[in-house]
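> First the structure, then my questions, so here it is.
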Amino acid sequence: MSPTMDSKRLHIGVLTGGGDCPGLNPAIRAVVRRAESGGHHVTGIMDGWAGLANPAATLTRPLDRSEVRGIQTRGGTIIGSSRTNLLKREGGLDAAEASIKSLGLDALVVIGGDDTLSVAAGLAKRGAAVVAIPKTMDNDVWGTEGCLGFDTAANIVTEALDRIQTTTSSHHRVAVVEVMGRDAGWVAAWGGLAGGADAILVPESPVDSAKIDRLVELVTRRRNYATGASVIVVSEGVQLPEALLNLSGDVPRDEFGHPRLDKIAVGDAIAAILEERTGLEVRCTRLGHLQRGGPPSAADRVLGARYGVAAVDALETGRWGVMVALRAGEIVEVPLAEVGGKNRPLDASYLRIFDSLA
């Protein structure tokens, strides 16, 4: 890639990596429209890093205004995605560089979470002109206060709790609602607080026997309230003692070494514990991929537009090796070298709020 990009017409590649979520298409649309306004053109790399890893078979999609018209209303990503770790594949970064060269790309916009961005940081370290956009419904990319997909996910959890509250109250049940959040509890915190959850369990606060005792006391005490119902929100990444999980065999892992949380079912484990210890009827609802499907919220559409424009702005003026980020309402740039491999945990102040409202 060229070391100087001022006043040059650029061929920009764009890819999305990791799990899909609402907000990706608005960002892609903004990248394309801003690029065309500057006289540049854009090629979509299909299926993330997996699509860039084989120079002989890289699938691409030319992107112009007509291709991205109206996609801000759609969830997912029109260029596909994958969970692919080129850092752990022998020659992975070499293959990506070869594809970039064979495609004639001057620059690359990478949209993804901390795993995807760790690969982007590896390419940037080699001198590639890379600018990243933070995306994860977990909202835990280090260096930014806002990730694409989070607002929509929190809204979906809130709506689900509004619905679960009514049926749980009608039958005087206890409901455990498992939501996404591998390493951080942002989705559980925002969705749970907005939806009026009676307790919220997050990865930042491991669940030990003392916390289980407090949950048992909470749902037992609430049995004497008007509806006799309780709703507990649980992040899928909450840490439980292994003896309580009832796992059979090794848990499958993805290319980044993360356990497949859909195979652990921490919500089911907590529901079983509460039912056994209280004698109450406890139901578990796992919202799963409902949280990452469907159209993006207004906030995710606007954030995608802001990030997409900022990414091309950075490339156009030769500021690469950065991630565009949201801080105090402003779009800033953070060195990619500082981002990869880190997480932004839930602010500790939320834990005090949970305790205050229990």
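> For a Förster distance of 22 Å, can you work out the FRET efficiency between the beta-carbons of Arg277 and Thr227, rounded to the nearest 0.05?
Once the sixth-power term is evaluated, E becomes 0.60.
> When the chain is modelled as a GNM with alpha-carbon springs shorter than 10 Å, which of Ile28, Ile71, Ile133 fluctuates the most?
Result: Ile71 has the largest fluctuation of those listed.
> Amide H to amide H under 5 Å from Ala132: which residues, 5+ apart in sequence or cross-chain, H placed 1.01 Å off N in plane?
Distant-sequence amide H within range of Ala132: Val110, Val322, Met323, Val324.
> In nm, to one decimal, how far is the Arg126 label point from the His289 one, both placed 7 Å along Cα→Cβ?
Spacing of the two 7 Å Cα→Cβ label points: 3.1 nm.
> Among DSSP beta bridges whose residues both lie in the chain, state the antiparallel percentage, nearest 5. Could the numbers behind the result be given before it?
Working: 12 of 43 bridges.
Antiparallel bridges make up about 30 percent of those DSSP assigns within the chain.
> Now, a different point. With charges set only on the Cβ (+1 for Lys and Arg, -1 for Asp and Glu), what does the dipole of the chain come to about its Cα centre, in debye to the nearest 20?
660
> Run the quick spin-label model on Asp347 and Arg65: label points 7 Å from Cα toward the beta carbon, then report their separation in nm to one decimal.
In this crude label model, Asp347 to Arg65 measures out at 4.0 nm.
> Sort Ser235, Ser82 so that the residue with the fewest other Cβ atoms within 10 Å of its own Cβ comes first and the one with the most comes last.
Lowest to highest Cβ neighbour count: Ser82, Ser235.
> Under 5 Å between amide H atoms, partner at least 5 residues away or on a different chain: which partners does Gly75 have, H built in plane at 1.01 Å?
Here Gly294 satisfy the definition.
> Counting pairs of alpha carbon atoms under 8 Å apart in space and at least six apart in sequence, what relative contact order in percent does segment 130-181 give?
In percent, rounded to a whole number, it is 24.
> How many percent of Cα pairs in the chain exceed 25 Å?
Pairs farther apart than 25 Å: 54 percent.
> In addition: Can you show me the helix-derived [θ] at 222 nm for the chain, built from DSSP H runs with n ≥ 4 at -39,500 (n - 2.57) apiece and divided by the number of residues, rounded to the nearest 500.
Counting only the DSSP helices, I get -12000 deg cm²/dmol.
> Which of the peptides 223-229, 203-209, 291-297 is most tightly packed, and how do the rest follow, judged by the mean count of other Cβ atoms within 10 Å per residue?
The most tightly packed comes first, giving 291-297, 203-209, 223-229.
> In whole Å, what is the distance between the alpha-carbon centres of segment 64-81 and segment 148-199?
When both Cα centres are located, 29 Å separates them.
> Along segment 283-295, what does the Karplus equation 6.51 cos²θ - 1.76 cosθ + 1.60 (θ = phi - 60°) give for ³J(HN,Hα), rounded to whole Hz, x for Gly and Pro?
After applying 6.51 cos²θ - 1.76 cosθ + 1.60, I find 10, 10, 10, 9, 6, x, 6, 4, 6, 10, x, x, x Hz.
> Helix 348-357: angle to the longest alpha-carbon principal axis of the chain, degrees 0 to 90, nearest 10?
Taking Cα atoms only, the helix is inclined about 30 degrees.
> Treating the angle as unsigned and between 0 and 90°, give the value, to the nearest 10°, between the Cα long axis of helix 150-171 and the longest Cα principal axis of the chain.
20
> What is the angle, in °, between the Cα long axis of helix 24-37 and the longest principal axis of the Cα atoms in the chain? Nearest 10 is fine, range 0 to 90.
Value to nearest ten degrees: 20.
> Same structure again: Using a Gaussian network model on the chain with a 10 Å cutoff between Cα atoms, which of Glu333, Glu90, Glu145 fluctuates the most?
Judging by the Gaussian network model, the answer is Glu90.
> Here's a follow-up. Checking the a/c ratio against 1.5 first, then a/b against b/c, what shape does the Cα gyration tensor give for segment 169-237?
oblate
> If amide hydrogens are placed 1.01 Å from N in the peptide plane, which non-local residues have theirs closer than 5 Å to the one on Arg286?
When sequence neighbours closer than 5 places are left aside, the close amide H contacts are Glu178.
Read the figures in this text as sums done on the coordinates, not as results from a lab. Bear in mind the structure is a predicted one, so any value in this text is a computation, not a measurement. FYI the Cβ positions are ideal-geometry reconstructions off the backbone, even for glycines, and counts take in every protein chain you see.
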